[in-house]
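Asks: If you scroll down you'll find the structure; I have some questions about it.
Derivation of every value follows stated rules applied to the coordinates shown; laboratory data play no part. Everything quoted here is computed from the prediction, not taken from an experiment. Every residue, glycine as well, gets a Cβ built from its backbone with ideal geometry; the counts of neighbours run over all protein chains shown.
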Amino acid sequence: MIKMKKLLLFFLSIILCTGCTKSSSDVNQKQLDRYNSVVKTLKKGHADTECPCDIKVKYYKLGNYYSYNVIIDNPKESMYNIQALSYSPEIKDEYHPSIGFFDSHPYHLVLNKIDKKQYFYKGIAISGRVYKKTSIRVFIRYYEDKDHKKMKTSYKEIVNEN
């Protein structure tokens, strides 16, 4: 009787763990699908749209490639739950740098508000590596309200001037 109870508990724990894993992988697949959709859009090219913040790209030479940082700061309006991704056809790695797609916490930019414990930052950066300096296409999606009722999307191509 005791062995049967242990066996039953063992099977129940396996079923519960399998259920959790499936749910988690579904969420990860949705995030990956969203990420891949944005990469595809940026790869095709997209007309620049107005962006309510400053976006800069800084390059650093590292051997036979460059490291770059896309810096997003100085918001002109509130930006909650930011998702950002940078794209370059000269990418060195297998992924395009992003923030907010796979992270466990949100990123917010709000004018004159910095509180890292509540995920309000002065600015955010995404970093990548490329074989040569080219223009970097940037995607930013965010909500302009705390209640997540009004979503906005911006596209910007930062042309390398060096």
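Asks: Kindly indicate the residue of the range 71-103 that is in contact (Cβ under 8 Å) with a residue 60 or more places away in the chain and of a type in the set (S, T, N, Q) and also nearest to S135 (Cα to Cα) among those meeting that condition.
Replies: Across the range 71-103, the extreme among qualifying residues is S98.
Asks: Let me ask something additional. When you scan the range 53-95, how many residues do you find that are in contact with a helix residue (DSSP H, G or I) (Cβ under 8 Å, 6 or more places away or on another chain) and part of a loop (DSSP other than H, G, I, E, B)?
Replies: 1
Asks: Is at least one residue of the range 106-119 of a type in the set (A, V, I, L, M, F, W, C) and either under 24 Å from Q29 (Cα atoms) or in contact with a helix residue (DSSP H, G or I) (Cβ under 8 Å, 6 or more places away or on another chain) (or both)?
Replies: Step one: list which residues in the range 106-119 are of a type in the set (A, V, I, L, M, F, W, C), which gives 109-111, 114.
Filter once more, so that each one left must be either under 24 Å from Q29 (Cα atoms) or in contact with a helix residue (DSSP H, G or I) (Cβ under 8 Å, 6 or more places away or on another chain) (or both): none.
No: zero hits.
Asks: Right, next: Please tell me if D48 is surrounded by fewer than 17 Cβ atoms within 10 Å (Cβ to Cβ), out of contact with any Lys or Arg (no Cβ under 8 Å at 6 or more places or on another chain) and part of a loop (DSSP other than H, G, I, E, B). Spell out how you get there, then give the answer.
Replies: Working: surrounded by fewer than 17 Cβ atoms within 10 Å (Cβ to Cβ): yes; out of contact with any Lys or Arg (no Cβ under 8 Å at 6 or more places or on another chain): no; part of a loop (DSSP other than H, G, I, E, B): yes.
So D48 fails the test.
Asks: Which of the following residues is of a type in the set (A, V, I, L, M), exposed (fewer than 11 other Cβ atoms within 10 Å of the Cβ) and under 18 Å from C51 (Cβ atoms): V110, V138, V159? Lay out the reasoning, then the answer.
Replies: Numbers: V110 fails: exposed (fewer than 11 other Cβ atoms within 10 Å of the Cβ); V138 fails: exposed (fewer than 11 other Cβ atoms within 10 Å of the Cβ).
None of the other options fit; the residue is V159.
Asks: Tally time: how many residues in the range 104-160 are in a loop (DSSP other than H, G, I, E, B), of a type in the set (A, V, I, L, M) and touching a residue at least 24 places away in the same chain (Cβ under 8 Å)?
Replies: Going through the range 104-160, the residues in a loop (DSSP other than H, G, I, E, B) turn out to be 104-107, 111-112, 114, 119, 121-122, 131-135, 144-150, 159-160.
Retained after the next criterion (residues that are of a type in the set (A, V, I, L, M)): 111, 114, 159.
If we keep only those that are touching a residue at least 24 places away in the same chain (Cβ under 8 Å) as well, we get 111, 159.
Of the residues in that region, 2 qualify.
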